């Protein structure tokens, strides 16, 4: 099924009028990412008895928004990274201006897909609103500016760091869970999914902090820019051992919360297990 989704993403790129920007969009979108967010959306849909393929438009919108965020995050004005997913970042492969436009293109195309995410116009509207909320000035972008403000700051406390992760990472882990519930007509469960998404995003980000100091850039397929930019992380604040303990505890909380959902949670738990033991 994920192979079909890859083909779907490729087709969406090829539908665009050809230009250097469309090439950069495709280069970044098809860069062998983990596709965690689409997998989460599909797992929620299937857990509620729906067909995952019916979520391709919403999942494509999520992956486009996620990829746009990575392109812009890698720019010299942000984290200034040279490598992503084992190859050159967009601005290094093309140029800075093209990378900015490619990110803009993916962001706007994400909303085009979201608008067609359901034959039910009310569900499609809710998907669009969730995407805007997750990626907007009170979501991922808020987390990004808080992250930039924390650079070279020795005074960042753990609660501040949690807030950065809640917005910068957690919002795009929450969105696929909520979108899956919307498509399944399970709006009553959305508040529970928001809590699960926040926990999942925090666990994922703590793990990223750990991997940045325990794995090489070659193993991770990206630069360890948090260290270069002197950012506070769970490891710099707690130390490696306590950060690992914190990660394990948040994953446990996430797993327990998923098991309380009134649905088939087997696939979601399997994804969470794979996340916890990932090596990059």
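We did not get these values from a lab; they are worked out from the coordinates using the rules stated. As the structure is a prediction and not an experimental result, all values here were calculated from the model. All Cβ positions, glycine included, derive from the backbone under ideal geometry; neighbour counts span all protein chains shown.
Ranked by the mean number of other Cβ atoms within 10 Å of their residues, highest first, the peptides 62-71, 94-103 come out as 62-71, 94-103.
Taking every Cα-Cα distance in segment 53-100 and sorting them into 10 Å bins from zero, the calculated P(r) comes out as 27, 46, 21, 7 percent. By the Kirkwood approach, averaging reciprocal distances over each pair of separate Cα atoms, segment 116-205 gets a hydrodynamic radius of 13.7 Å. Ordered by the count of other Cβ atoms within 10 Å of each Cβ, fewest first, 14, 278 give 14, 278. In the chain the Cα-Cα distances spread across 5 Å bins starting at 0 as 1, 6, 13, 17, 19, 18, 13, 9, 3, 1, 0 percent of all pairs. Using every Cα-Cα pair within segment 47-189, state what percent have a distance larger than 18 Å. Roughly 60 percent, once rounded to a whole number. Based on C-alpha pairs under 8 angstrom that are at least 6 apart in sequence, the chain has a relative contact order of 20 percent. I'd like the distance between the alpha-carbon centres of segment 68-89 and segment 145-206, rounded to an integer number of Å. The distance from the Cα centre of segment 68-89 to that of segment 145-206 comes to 21 Å. Each helix, a run of at least 4 DSSP H residues, gives -39500 (n - 2.57); summed and divided by the residues of the chain, these come to -21000 deg cm²/dmol at 222 nm. Put simply, when 256-263, 124-131 are sorted by average Cβ atoms within 10 angstrom per residue, most first, you get 124-131, 256-263. Among 15, 40, 106, which one moves the most in a GNM of the chain with springs linking Cα atoms closer than 10 Å? Maximum among the listed residues: 15.
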